[in-house]
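Computed from the coordinates by the stated procedures, all read-outs in this text should not be read as laboratory data. Every value quoted in this text rests on a predicted model; they were computed, and no experiment measured them. FYI the Cβ positions are ideal-geometry reconstructions off the backbone, even for glycines, and counts take in every protein chain you see.
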Amino acid sequence: MNVVVKNPSAIRADVIVSAIRASDSPQVQNKLLLVIAALASLSPELVLHSVMPIFTFMGAHTIRQDDEFSGHVVEQTIICVVPALANAAQYGKIDEIEFLLASFVSAFLHVPRHRRVRLFTTLARTLGGDLSIHLILFLCGQQYVNAYMKHRMGDCSALVDFATVFLQAFSANEELDAAIKFLDLWKHIPEVPVEKDSQEFKELSSRVIFGPSIVTMTKSELYNWRKGLVSFIRHALTDAKSGSDIPKLRLKVASLILEDKNTDILLNSFSSLITYLLDVIETSTKHHEDAEILKKFHKLLSDVLGLLPIQYYSKSVNDILNAPSTSVETMKSLISLTAAKFNLEHTENAYAHE
């Protein structure tokens with residue numbers, strides 16, 4: 001409910017934010033955050049310029065609390081304040097979105113485990129999935145890589161478990177589109193350290209999503225980032241399994257096809273992701289990408305194709321094999337994948353015999 005505030009300068013959201021930051025009492029902090037949420041619900045413009053300090057504070061304090069009232073405060077603040085930010089993002093102001101999400105994800109391991117999925121799902125739904133799902137996954141992927149490099153396998157498992165459950169809250173199309181946007185960010189990670197005076201340095205250092213460390217990484221560190229992020233998105237998409245050990249995303253896809261709900265849109269999303277993966281593989285092969293990273297991309301492609309029912313899988317593979325741009329190596333890989341998939345299909349599946 002937006003209302004016209006006759007004298008907005010008389011309402012000082014920045015003073016309330018200063019009071020929140022100055023207080024040592026979680027109870028006072030929470031009540032003042034609810035005041036901010038109430039102001040935002042009246043007129044988003046009143047708090048727009050104070051959004052960053054609000055969420056920086058919440059990322060450092062409120063979302064780490066494990067009581068019901070703090071959880072309620074966080075949810076209400078997100079629901080009321082974030083729309084103003086999402087609206088600004090529609091006009092190209094994506095930096096604020098990245099900053100907000102980075103503030104929250106940086107505190108991920110300090111957020112009570114049972115609150116993580118609801119917190120980030122609320123955040124993503126309020127911002128809009130197209131603006132946020134891939135960014136949340138990419139930021140979590142960075143934490144996954146960092147934890148892996150420090151041999152903190154428990155943290156790695158926690159991040160993958162979160163990502164798989166988090167994605168279950170969204171449609172199959174949203175999952176596939178998020179994967180494409182995730183990989184689009186991945187393509188910006190350089191293979192070698194960037195020169196300080198280069199345009200690439202300026203572009204990378206200006207993007208909050210990559211963090212300040214990317215422009216100071218060694219070749220080895222960049223390699224680990226590139227490799228680890230591909231592993232993370234593959235696990236996020238396919239590790240959630242049903243009781244019969246079938247990927248839940250595959251069940252979502254099969255259900256939509258059987259019910260004939262937006263099948264064309266779904267298959268277009270698949271086509272876009274498969275084409276994107278092939279493009280990355282082709283480009284990486286031409287640039288002599290590391291064999292380990294290429295292997296991970298082929299595995300990801302295999303898993304994505306495996307999400308399709310056999311008849312749609314066959315059509316997708318046939319289209320790829322007939323495309324003039326497909327390399328011999330990709331053809332060999334697809335033929336091998338297809339043989340394995342058909343061997344695994346039930347012998348009574350008529351499509352497997354065609």
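Points to keep in mind about this one:
- Here the relative contact order of the stretch 90-160, from alpha carbon pairs under 8 Å that lie six or more residues apart, stands at 29 percent.
- Under 5 Å between amide hydrogens, built in the peptide plane, is the criterion, and for LYS241 it picks out LYS248 among residues at least 5 positions away or on other chains.
- Which labelled figure in (i) 41, 24, 19; (ii) 86, 24, 14; (iii) 56, 23, 17 is semi-axes √(5λ) of the Cα gyration tensor in Å, once derived from the coordinates: (i)
- Here the Karplus relation 6.51 cos²θ - 1.76 cosθ + 1.60, evaluated at θ = phi - 60°, turns the backbone of the stretch 68-84 into coupling constants of 4, 5, 4, x, 5, 4, 4, 5, 5, 5, 4, 4, 8, 8, 4, x, 5 Hz, with x for every Gly and Pro.
- In the calculated pair-distance distribution of the stretch 48-147, the portion above 20 angstrom amounts to 30 percent of the Cα-Cα pairs.
- Cut-off 18 Å (backbone N to label point 7 Å along Cα→Cβ of SER242), residues of the stretch 169-191: 169-173
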